[in-house]
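These notes are about the structure you will find just below.
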Amino acid sequence: MKIKSMIAALAASAIAVSALAVSASAEVLKKVGNEKNAEIYMVPVDGLDLSKLDKIVAEVSCDSTKTNGCIGYNDVDGKWVQHEFKSEIESGVIEQNWEKDGLAGTVKDGLQVQLWWVEPKKDADGNESDGTAQVNSVKLLDKDGNELTKTETQATTTTTEKSGAAVTTTTTAKDTKKTDSAKTGDAGVGVAVAALGLASAAAFVARKKD
């Protein structure tokens, strides 16, 4: 009985530690060093009315002095469009929003946030180590500054009326708005990996320092 209790306690502890690890990891996308050309986050847009999209805001942080990348998407004509961003300071930690507004419903699909380059960190002796940049959240806003939300159609309800030999059927559809926004955490990264092979965006990916 003691062994069973011990195993149960260990299992409970493992679950608790796992839960803490998930909740403590809030970044949407992380890039460490420059071994890879770029890290790409596919922003989930299923169920969103992109005709209402007017502004994209990506919250970015970096523990070195410089990071850059872009927000990109396929427009309504199927053309890849990207808006490049660079965050740079002399010292300390970068906390900045990458914002692209005035989109006026021109985004069709393939919405991405990319991190291209992270400046290495240097210690007091000038030794370099990998810098880390991350996208903490991505918000998709309409012209009024509200986050886009998913809309889904519930199962239809059907009523039938009989009048002699004639039968009249009326179908009513109900639309409900869900509170899910485009702001996503670690779960979105798994979606991004799966969706990457399906994306039609001809994304420009290169290791770019400037």
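The values are calculated or read from the model by the stated rules, or taken from the named source; none is laboratory data. For clarity, every value in this text was computed on a predicted model and none was experimentally measured. Don't worry about glycine lacking a Cβ; one is built from the backbone with ideal geometry, like all the others, and counts go over all protein chains shown. When the accessible area is computed, the model is the full protein with side chains, heavy atoms only, and any ligands, DNA or RNA have been set aside. Shrake-Rupley method; radii C 1.70, N 1.55, O 1.52, S 1.80 Å.
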List the aspartates and glutamates whose alpha-carbon lies under 17 Å from that of K150, not counting same-chain residues fewer than 8 positions away? D46, D49, D54, D109, D142, D175, D180
Just grab the label-to-label distance for V32 and D49, each label 7 Å out from Cα along the Cβ direction, in nm (one decimal). 4.3 nm
Violations at 21 Å Cα threshold for listed pairs K52/K139; K52/K86; K31/K108; K36/K139; K36/K86 -> K52/K86; K31/K108; K36/K139
Please calculate the 1.4 Å probe accessible area of T106, with all protein chains present, and give it to the nearest 10 Å². 50 Å²
Please go through segment 65-113 and write out the GluC sites (Glu not before Pro) that DSSP classes as loop and that have at most 12 other C-beta atoms within 10 Å. E90
Could you give the length gained on full extension between K122 and K79, defined as 0.36 nm per residue of separation minus the Cα-Cα distance, in nm? 11.5 nm
Modelling each spin label as a point 7 Å along the Cα-to-Cβ direction, I'd like the E88/D101 distance in nm, to one decimal. 2.5 nm
